Amino acid sequence: MAMNKSTEAEALRHPASVQELRREFAMADLDNDNRIDLEEFKRLLEGLRADMSEHEMRIGFQEIDTDRDGAIDREEFIQWWTSD
Ligand SMILES: [Ca+2]
Ligand SMILES: [Ca+2]
């Protein structure tokens, strides 16, 4: 059960990307309350040039906000980006 190079690379890549996501999160969290609300989420998507309608953004927001408290916290954000 030898760990091959690509598995190692995969393991190394992960923490780096989480760090990256924390930075993304901090940038998206415009008022620094450690939550991304719907307004901030829309701005984030606009910044990413995501061509989404108001309705699609709302749906996306609700998908990420898994505990349904009306805001995306860091954990939900990271889970969203790292699922798939
Ligand atoms: Ca915020
Ligand atoms: Ca939430």
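Only the coordinates and a few stated rules stand behind these numbers; no lab work does. Just so we're clear, the structure is a prediction, and the values are computed from it rather than from any experiment. In this analysis, Cβ positions are derived from the backbone assuming ideal geometry, glycine residues included, and neighbour counts consider all displayed protein chains.
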> Could you state the principal axis extents of the C-alpha atoms in segment 31-84, from the largest down, to the nearest angstrom?
Replying inline: 29, 25, 17
> Could you give the nm distance between label points at Glu20 and Ile59, where each point is 7 Å from its Cα heading toward the beta carbon?
Replying inline: 2.7
> What ³J(HN,Hα) values, in whole Hz, does the Karplus curve 6.51 cos²θ - 1.76 cosθ + 1.60 give for segment 55-72 when θ = phi - 60°, with x put for Gly and Pro?
Replying inline: 5, 5, 5, 4, 4, x, 4, 5, 5, 6, 7, 5, 8, 6, 9, x, 8, 9
> On full extension of the chain, what length is gained from Arg68 through Asp51, given 0.36 nm per residue of separation minus the C-alpha to C-alpha distance?
Replying inline: 3.7 nm
